[in-house]
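Have a look at the structure below before the remarks.
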Amino acid sequence: MLKKWAKRVALVCSIVLMGTIATGCGSSSSAPTSSGQSGDYLQTIKNRGYLIAGVKNDVPLFGQLKPGAQEAEGFEVDVMKELAKKIFGDASKVKLEKVESKTRIPMLQNGQIDIVAGTTTITEERKKQVDFSDVYFLAGQSLLVKKGSPVKSINDLKGKKVSTAQGSTSAKNIREKAPGAEVLEFPTYTEAFLAVKQGRADAMTTDNSILLGFLQEDTNYELVGGLFTEEPYGFGMQKGHPEWVQYVNDFIKELKANGKYAELYKKWFKQDPPK
Ligand code: GLU
């Protein structure tokens, strides 16, 4: 009887050991998982006791860390707090990690964050690298210029300098739409806007939703040229956890059904969400 028991313990130990070797885990404290690890990812988050959400620190209204503030604030930050509330019954059980456009996908792939809520457009190219939730916000690319600027649309950008962020669809799109423009790429949108303010760039380009946030900070600027792309935002997650993606999709549906989505949308964008 005792022998049988010892055998079973040995077997369980070796399975656990094999699992540890196979996934290479066991040492890292913050990394939630390594790619390809099976099992319920939600349980991994629950065991940790808090959600790790990647949010922007450079995007007004979505995720912005204001000078002197302790924590980033914005629509996406609030939505991640709601997600923590669904998981833990406590909106404070979320650790907000700063992401930039260029770093968000590697950070998901490395397992540094469970999810990114970072104005991320769902694209075919990105879908090869990470998984996306359903769409939670619709934007489109536009141009921000100083009021009275000769730049009125993407057709006026020949020989002009346009600022944007590294790793964004905005940088890629503007090269296609305005091949004569000189594209200046910065790590953050804060820096891209500063370049326009300081006259180092003639225009800034990215999603209208982001540009509108900067307009609120400084009324000497305006949006021109309408929308020339479609940018549907999805929450990004590491590949290989379909049940986690499903959980997040259910969460989006609940948020819309219970009115919380509309409440937060109104809080940040001062209007009702589109139907
Ligand atoms: N939505 C675009 C993108 O995902 C531009 C905004 C951003 O850089 O986050 O690239």
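The values are calculated or read from the model by the stated rules, or taken from the named source; none is laboratory data. Just so we're clear, the structure is a prediction, and the values are computed from it rather than from any experiment. All Cβ positions, glycine included, derive from the backbone under ideal geometry; neighbour counts span all protein chains shown.
Checking each residue in the stretch 212-257 for being touching a Gly at 6+ places or on another chain (Cβ under 6 Å) and either away from the ligand (no atom under 16 Å from the Cβ) or basic (Lys, Arg) (or both) picks out only GLY240.
Just to be sure, is LEU65 at pLDDT 50 or above and under 17 Å from GLY111 (Cβ atoms)? Against the criterion (at pLDDT 50 or above and under 17 Å from GLY111 (Cβ atoms)), LEU65 does not qualify. Cβ separations smaller than 7 Å between residues 6+ apart or across chains give the following pairs from the stretch 99-110 residues that are basic (Lys, Arg) and modelled with pLDDT of 95 or more to residues that are assigned to a strand (DSSP E or B) and surrounded by 21 or more Cβ atoms within 10 Å (Cβ to Cβ): ARG104/GLY54; ARG104/VAL116; ARG104/GLY236. Of all residues in the stretch 163-186, those satisfying the criterion of being within 21 Å of the chain's Cα centre (by Cα) and closer than 23 Å to LEU138 by Cα are SER163, THR164, ALA165, GLN166, GLY167, SER168, THR169, SER170, ALA171, LYS172, ASN173, ILE174. Before we move on, is ASN208 surrounded by fewer than 18 Cβ atoms within 10 Å (Cβ to Cβ), within 19 Å of the chain's Cα centre (by Cα) and at negative phi? When the stated conditions are applied, ASN208 does not pass them.
Taking the criterion of being among the basic types (Lys, Arg) and either within 16 Å of the ligand (Cβ to nearest atom) or touching a Phe, Trp or Tyr at 6+ places or on another chain (Cβ under 8 Å) (or both), the only residue of the stretch 258-271 that qualifies is LYS267.
Taking the condition in contact (Cβ under 8 Å) with a residue 24 or more places away in the chain and crowded, with 16+ Cβ neighbours inside 10 Å, does GLY226 pass? Spelling it out, it is not the case that GLY226 is in contact (Cβ under 8 Å) with a residue 24 or more places away in the chain and crowded, with 16+ Cβ neighbours inside 10 Å.
Which of the residues spanning the stretch 148-167 are within 21 Å of GLN64 (Cβ to Cβ) and either out of contact with any helix residue (DSSP H, G or I) (no Cβ under 8 Å at 6 or more places or on another chain) or more than 15 Å from the ligand (Cβ to nearest atom) (or both)?
Matches in the stretch 148-167: GLN166 only.
Among the residues of the stretch 168-201, which ones are within 9 Å of the ligand (Cβ to nearest atom) and surrounded by fewer than 19 Cβ atoms within 10 Å (Cβ to Cβ)? Selection gives LYS172 alone.
For the stretch 73-90, the criterion of a residue being crowded, with 23+ Cβ neighbours inside 10 Å, closer than 30 Å to PHE214 by Cβ and more than 16 Å from the ligand (Cβ to nearest atom) is satisfied by at least one position.
Taking helices (runs of 4 or more DSSP H) as the structural unit, those lying wholly within the stretch 58-133 and holding at least 2 residues that are among the aromatic types (Phe, Trp, Tyr) correspond to 75-88. Within this structure, VAL130 fails the test of being under 14 Å from the mean Cα position of the chain (by Cα), within 10 Å of the ligand (Cβ to nearest atom), within 20 Å of ILE45 (Cβ to Cβ) and modelled with pLDDT of 95 or more.
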